[in-house]
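The values are calculated or read from the model by the stated rules, or taken from the named source; none is laboratory data. Given the structure is predicted, the values throughout are model-derived calculations rather than measurements. Here the Cβ is made from the backbone with ideal geometry for all residues, glycine too, and neighbour counts use every protein chain on show.
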Amino acid sequence: MGATHLPSTEFDGTEADDQLEAQAEAVLGDPAVPMVQLLGPDGTLGTDPVFSEYAARLDAGKLRGFYADMAKIRRFDVEATALQRQGQLALWVPLTGQEAAQIGSGRASQPQDYIFPTYREHGVALTRNVDLAELLRQFRGVSNGGWNPKDTNFHLYTLVLAAQTPHAVGYAMGIQRDQKLAAAEAGAGGAAAGSAKPNAAVMVYFGDGASSEGDVHESMVFAASYNAPVVFFCQNNHWAISVPTAVQTRIPLSNRAKGYGFPGIRVDGNDVIAVHAVTEWALERAREGKSPVLIEAFTYRVGAHTTADDPTKYRGSDEEAQWRAKDPLERLEKYLRAEGLADDAFFEQVKADGDELAAYVRRTIHDLGTPDIRTAFANTYAEAHPLVAEELAWFEEYSAGFADEAEADEAHTDGAVRR
Amino acid sequence: MTTMTIAKAINEGLRATLSNNPRTLLMGEDIGPLGGVYRVTDGLIGEFGADRVVDTPLAESGIIGTAIGLALSGYRPVCEIQFDGFVFPGFNQITTQLAKMHSRSNGNLTVPVVIRIPYGGGIGSIEHHSESPEALFAHTAGLRIITPSNPHDAYWMIQQAVDCLDPVIVFEPKRRYWLKGDVDTDTPGHSADPFKAHVLREGSDATVVAYGPLVPVALAAASAAAEDGHSVEVIDLRSISPIDFDTITASVRKTGRLIVAHEAPTFGGIGGEIAARVSERAFHSLEAPVIRVGGFHMPYPVAKVEEDYLPDIDRILEALDRAFAY
């Protein structure tokens, strides 16, 4: 290979700059960027050469289920926001606007798959049968986790952005080794092939902001190198708190997959049918060991980043209005009604179910437990640790002194109303 | 009983753990056909294959991060970080993820990841290849940190680290990789507990606590002090987190004087922690303040002056003189 095979680096100044600028302009936010969409904002179902086949697998019951899930999680979001405003939660991270991206992808996963969320995936949690009240523990300050990931294969929320992406790839590398160990065992024992467990894949969520983190890059390098069965699911909700996607990337995020050597697809993140189809395709591909996949769900965070955020400081209401017109629930409702797949009774029932969930959450929040610092002592290490034991012993002795005082106080204030 | 170097002992320890548990695997840069830059993993890829001795992309955060995922899926990954100064790209994964996973999952998840880090100076190397960052990790709850000083401990400690349910960082004294010693591969014997300090030499006038690469230096200083009529006890700390304060305190109650020596800078270091705890536990036994011997508060200096930076026999003797002067 001679030097003639190398691309030229001799730019002749402005012309090359202009050319690059034009290329950048051409892709930035350009609607011409290929995006898989099946259900348009007007509620009509389009076609796609690859993904229509996947959409065709969905019967009326499943489509109604998608709607019910999206409505339920939106109602939950409203309730959690209210609970934060009432001081029951320290913080809430709303998902409104991203229901289709989360329900569509979560419903495409299978029980044997393992999911690594970031911290806004309440909709995915719903699809993995996580008790939604348990999701609130972290935001109420009674746990840093809240559920046992082994019960649902839905990992804990991760707050250090993108830190969960290499975990997902490592988990997928574990699945690869499980399969080889199982094959070796089956070979050695002559076991029937029917006893083999179904193939699994890993799906990891992150956002447009987190896409700038080095861990996303390193994970994608590892995933590609080892052909790990992992699907990277990026919800591009257009805003990383106050910073727009254009600051994170100058090309569509889905294009980045090319640089790693696996497929990247942009899907309309407000189209639950397309999200489900694309994710099902990607997970099947990963489970079959064909390659990792990057999915960019093009969506929008309609509300604030968290309850501590104020979007009016950094974006216009016109932009929000544009995206509200692409609402994921409205378009599916239009479709279901137009096709005669759901009637008023169905939508009334969905509303009633949402209210029931909200009531459940409101009722349960007081039962989420009062944490005891002894639990933190107990869980710092899995095995006995002398320093932890010593500090706990000191703490017990120190607290016992106050217990005596408290008893004395109680004796003095007999009959008084205590909190 | 076999005689081998520390590097070979770790190699044999890794071979044993790979043989005993099909879910143990090694990960790191250049650990495959090359056998690692220090050849600690030499020959293992040939024996156990590329799925269990994994040459990784050159990305420390990726190595630790994927090891966490492997541990979550039931594996026992042993990561090699090529040099002490290169652990920092993986620092976030170690401190915010690995150390906290068990705690934040309320005990539901364990992440038994082992991280091997060759550390310390004295090898005439270039920048970032001679550091001792152990205190940064010791300050992080959730991690365990051990450091062998001899081949027998090296052989057993790496296996004990793999068997531990908690994440363990094994700091390997790279300038002692070629130190030879007897290894009993049949039984750990008195090294059964990796988190316990060992009294290597008994004495009655002063105690020197050292670990890793400075253990032979402390022993030599004790021999030199003996020539001057001072009986010096030497403790090999072995575990940096947790620290075996019982063994140290018992020794200080006997000798009344304590010197702590490490290559890492003294400010904010392990020596300071030991001094504080011993002053709380054995204040009335102390005949002199606890004296620290360690690196200066500066980036690890260039190789041509590292001899002025690293604690040596004379620096320990000078500290002993100061302690005896009280």
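Scan the helices (runs of 4 or more DSSP H) fully inside segment B:1-72 and keep the ones with 3 or more residues being within 13 Å of chain A (Cβ to nearest Cβ) and either in contact with a Gly (Cβ under 8 Å, 6 or more places away or on another chain) or more than 26 Å from B:ARG176 (Cβ to Cβ) (or both).
Helices (runs of 4 or more DSSP H) meeting the threshold: B:60-72.
Counting only residues that are over 20 Å from B:ILE63 (Cα atoms) and either of a type outside the set (Ser, Thr, Tyr) or buried (at least 19 other Cβ atoms within 10 Å of the Cβ) (or both), how many does segment B:12-21 have?
6
Restricting to segment B:160-206, name every residue that is part of a loop (DSSP other than H, G, I, E, B), of a type in the set (Gly, Ala, Ser) and within 13 Å of the chain's Cα centre (by Cα).
Passing the criteria: only B:ALA197.
Does segment B:105-117 contain at least one residue that is of a type in the set (Gly, Ala, Ser) and surrounded by fewer than 24 Cβ atoms within 10 Å (Cβ to Cβ)?
Yes: one or more hits.
Do you know which residues across segment A:139-193 are closer than 27 Å to B:GLU60 by Cβ and among the polar types (S, T, N, Q)?
A:ASN144, A:THR158, A:GLN164, A:THR165, A:GLN176
Here is a yes/no grid of residues against (1) among the polar types (S, T, N, Q); (2) surrounded by fewer than 17 Cβ atoms within 10 Å (Cβ to Cβ); (3) under 18 Å from B:GLY212 (Cα atoms):
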position: B:THR249; (1), (2), (3): yes, no, no
position: B:ILE259; (1), (2), (3): no, no, yes
position: B:GLU273; (1), (2), (3): no, no, yes
position: B:ARG292; (1), (2), (3): no, no, yes
position: B:GLU307; (1), (2), (3): no, yes, yes
position: B:PRO311; (1), (2), (3): no, no, yes
position: B:ILE316; (1), (2), (3): no, no, yes
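Return the pairs, sorted by first residue and then second, in which the second residue is part of a loop (DSSP other than H, G, I, E, B) and surrounded by fewer than 18 Cβ atoms within 10 Å (Cβ to Cβ), the first residue lies in segment A:376-398 and is within 7 Å of chain B (Cβ to nearest Cβ) and aromatic (Phe, Trp, Tyr), the beta carbons are less than 9 Å apart, and the residues are 6+ apart or on different chains.
Matching pairs, first to second residue: A:TYR381/B:ALA141; A:TYR381/B:LEU165.
Can you report the number of residues in segment A:161-172 which are at the interface with another protein chain (Cβ under 7 Å from one of its Cβ atoms) and under 17 Å from B:HIS102 (Cβ atoms)?
Total satisfying the criteria: 4.
Is it fair to say A:ILE103 is within 14 Å of another protein chain (Cβ to nearest Cβ) and either buried (at least 23 other Cβ atoms within 10 Å of the Cβ) or of a type in the set (Phe, Trp, Tyr) (or both)?
no
Could you check segment A:120-160 and list, in sequence order, the residues that are touching a helix residue (DSSP H, G or I) at 6+ places or on another chain (Cβ under 8 Å), of a type outside the set (Val, Ile, Thr) and assigned to a loop (DSSP other than H, G, I, E, B)?
Matches in segment A:120-160: A:GLU121, A:ARG128, A:ASN129, A:SER143, A:ASN144, A:GLY145, A:GLY146, A:TRP147, A:HIS155, A:LEU156, A:TYR157.
Mind checking whether some residue in segment A:146-160 is within 12 Å of another protein chain (Cβ to nearest Cβ), farther than 30 Å from A:THR375 by Cα and either touching a strand residue (DSSP E or B) at 6+ places or on another chain (Cβ under 9 Å) or at pLDDT below 95 (or both)?
Checked against the condition, which is being within 12 Å of another protein chain (Cβ to nearest Cβ), farther than 30 Å from A:THR375 by Cα and either touching a strand residue (DSSP E or B) at 6+ places or on another chain (Cβ under 9 Å) or at pLDDT below 95 (or both), segment A:146-160 yields no hits at all.
Among the residues of segment A:327-340, are any touching a helix residue (DSSP H, G or I) at 6+ places or on another chain (Cβ under 7 Å), of a type in the set (D, E, K, R) and assigned by TED's automatic domain parsing to the domain that holds A:TYR67?
Yes.
Which of (1) buried (at least 22 other Cβ atoms within 10 Å of the Cβ); (2) within 12 Å of another protein chain (Cβ to nearest Cβ); (3) under 14 Å from the mean Cα position of the chain (by Cα) does A:PRO117 not meet, given it meets every other one?
For A:PRO117, the failing item is (2).
Just to be sure, is A:ASN255 within 18 Å of A:SER219 (Cα to Cα), assigned by TED's automatic domain parsing to the domain that holds A:GLY40 and touching a residue at least 24 places away in the same chain (Cβ under 8 Å)?
In short, yes.
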